[in-house]
Structure formats: C-alpha cells, structure tokens
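Trainee: Before I ask anything, let me first share the structure, which is written out below as structure tokens.
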Amino acid sequence: MSLRKIRVFPDPILRKKCKPVKLIDSSIKKLSHDMLETLEYVGGIGLAANQVGVLKRVVTLHLPEEDHRILINPEITKSFGTREVKEACLSFPGYQGLVKLSMKVKSRWLDINGSYYKLSAEDLLSQVLEHEIDHLNGILYIDHLLAHEKLNDAKQIGLKNILADQKLDDTKSENQPHIHDVDINLIVDKENTKSDDYEHLETKLDLSLIYSDSSMEDLKYDLHNAGYLSDLDNKN
Ligand code: NI
C-alpha cells in the first residue's frame, strides 16, 4: 500500500464525474487500499477516488469507532427529510461550511469482494455517504452552502476565529464589520489545450474577513487561503 496525494480545490479533477467500476481487479484493490491508508494517514472519515486523482466510482470510509469500508459504485437510492450540517472536506483544508443534507438515506454498493450491500443510514454515515457520492459526481459541499457566508475558516486563530464564530450566529448585529461577498468565475483550461474544453467554476463565496477597506493584497491572501490561487504572487 502507499499514500496517494489528495487533490485540493480548484483542481479540475474534483469536478469530473467518476466512471463505474466494471471489474474489481488488482488495480481497483490497490487503489482502495491506498485510499484507506491515505484516509488513515490524514485522519479523515471519507475519501472519494477523484480526490486522489482517479476517475473511478470508489469511496473509502472510516467513521469513528467503526471498521473501515470500501464502497464500489455506491449509490443513494432514496433520501428522506433535510437537516443542516456542518461540513468539511479534505479537498478544502482549513474550511468548513453549513449545508443542507438529508436526514436519512438509503444506499447500496459493492464491497471489495463484489458482495452487494444495502443500508439505511442516519447521522454521520448518511452525511458521509451523501458527501462522498457527491464527490463521485463532481459535486462539492460548497455547492450546497446554505449561505455563502457560511463558509468559514476553521483555523482557530485570533481575529479570524472571532469573526467566524460571529458569522455562525444568526442573530448577528448590524454593528459588526461589513463583510463582502465575492463573486468568482474561475475558468480552468483542463488539458491546457486552449480549446473550448474549459471548466467553468462559478461560485460566490464570502471569503470571510474581507472588510470594505480590504486591499487587493488582503483579497489575494484570502483567495489563496481558500485554495483559489496556487501561489501568492504578491511579493510585497
Ligand atoms: Ni470531501
């Protein structure tokens, strides 16, 4: 087994749809075990194959106090109700956001031996199944954000922390600092072809902590922290 590199937003592979596994062969077995090892290494609870750069419908889970699971071609067959849940993702290190998910899901998949599983899930398992199966379809939790200001910097430091806490409070007063929403339209040339095969990622984020008097440098810093810029090109 070996560790695989976790792809971080806005890596275009996170927006691609994974293909069904037709045969559980040695490469799928190796992928699954590598994904489990990677999940253990980073201390995560769920990982989808495109997060390690492979477009196959494979998910690995390791919920607290449960055995790990390998899910081949997992599907949600039914969902019930809605609830608000705080989400985080290994592909958005340092961030978390409030999203609307189902109360309960019915799901099915194959295990690594090709045995068929069917399960009704609630709570964390339901959440993780929805999150990971979304990944396989190129959907990320930021697509479900209840409000864009619900994406918070999870780092517990200084002013950022205080502001993040304030923003989680729905009774926020008007005296608090005004924070901008930022419209971002990222166009990624996936294959570097300069052809029409562009990935358009359109999103609106409150990148937290951008005051009305923020400078461009502050904005770049926040974009970088949110994973939108690979390098800080402002060398001031
Ligand atoms: Ni994720």
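The values are calculated or read from the model by the stated rules, or taken from the named source; none is laboratory data. Only a predicted model underlies this, so the values are computations on that prediction, with no experimental measurement involved. Reconstructed Cβ throughout: ideal geometry from the backbone, glycine too, with neighbour counts over all protein chains shown. The protein model used for the area step is the full one, side chains on, heavy atoms only, and it has no ligands, DNA or RNA in it. Shrake-Rupley method; radii C 1.70, N 1.55, O 1.52, S 1.80 Å.
Trainee: Just the number, please: carbon plus sulfur as a percent of the accessible area of the range 34-128, 1.4 Å probe, no ligands or DNA/RNA counted.
Mentor: Its accessible area is 48 percent carbon and sulfur atoms.
Trainee: Then there is this: Among ALA88, HIS68, VAL58, flag the residue with its Cα farthest along the positive direction of the charge dipole of the range 44-124, charges on Cβ as +1 for Lys/Arg and -1 for Asp/Glu.
Mentor: VAL58
Trainee: Mind checking the full-extension length gain between ARG108 and ILE76? Use 0.36 nm per residue of separation minus the Cα-Cα distance, one decimal, nm.
Mentor: 10.9 nm
Trainee: With the other protein chains left in place, how much accessible area per residue, in square angstrom, belongs to the range 93-142 at a 1.4 angstrom probe?
Mentor: Averaged over the residues of the range 93-142, the accessible area is 42 Å².
Trainee: Once fully extended, how much extra length lies between LEU124 and TYR41, figured as 0.36 nm per residue of separation less the alpha-carbon to alpha-carbon distance?
Mentor: 27.9 nm
Trainee: How long is the gain from LEU55 to ASP143 if the chain were fully straight, where each residue apart is worth 0.36 nm and the alpha carbon distance is subtracted?
Mentor: Full extension of this stretch gives 29.7 nm more.
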